[in-house]
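Taking it in order: structure first as structure tokens, then the write-up.
The values are calculated or read from the model by the stated rules, or taken from the named source; none is laboratory data. Just so you know, these numbers come straight off a predicted model, no measurement behind them. With ideal geometry, Cβ positions are generated from the backbone for all residues, glycine too; neighbour counts draw on all protein chains shown. Calculation scope for accessible area: heavy atoms of the full protein, side chains included, ligands and nucleic acids excluded. Shrake-Rupley method; radii C 1.70, N 1.55, O 1.52, S 1.80 Å.
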Amino acid sequence: MSISPDTIEFSRWLRSECDSLGINSNELARQLSMNRATVRIWWRGTSKPHSQNIFKIIDVLEILGGTSIDLDTLPFHLTACDTPTSTAFGRWVVQKLNE
């Protein structure tokens, strides 16, 4: 089974964002209150999280970094099908409605 380019792009994005904040996969797992092994799978590009977890990751990165992440510039595909309740998703919906 091959890994999709979208999964690889997510992994690259995740590592880049975390590197810029000075955190590793273990710290991200702690911040997300998630299993370290799960986060490492995303980190290595073995799989991509569901949209709801991506929105949780974005929320954590925004809080740690103190800046908003522009969802329109993400280098991977993101759907809202999981209907997460995160603030990042709320901002995205408001932005789309205002366009």
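Observations
Let's see how each residue does on (1) more than 13 Å from the chain's Cα centre (by Cα); (2) not aliphatic (A, V, I, L, M):
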position: SER20; (1), (2): yes, yes
position: SER33; (1), (2): yes, yes
position: THR46; (1), (2): yes, yes
position: LYS56; (1), (2): no, yes
position: LEU61; (1), (2): no, no
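- Scanning the range 44-99 for residues being at pLDDT below 55 and either part of a loop (DSSP other than H, G, I, E, B) or aliphatic (A, V, I, L, M) (or both) gives a total of 10.
- Taking every residue in the range 34-46 that is free of Cβ contacts under 8 Å to residues at least 12 places away in the same chain and buried (at least 17 other Cβ atoms within 10 Å of the Cβ) and pairing it with any residue that is of a type outside the set (Gly, Ala, Ser) and part of a helix (DSSP H, G or I), at least 6 positions away or on another chain, yields no pair with a Cβ-Cβ distance below 6 Å.
- Count - residues of the range 1-26 that are open to solvent by less than 60 Å² (accessible area, probe 1.4 Å) and part of a loop (DSSP other than H, G, I, E, B): 2
- ALA29 falls short on exactly one of the conditions (1) surrounded by 16 or more Cβ atoms within 10 Å (Cβ to Cβ); (2) touching a residue at least 40 places away in the same chain (Cβ under 8 Å); (3) of a type in the set (Gly, Ala, Ser), and that condition is (2).
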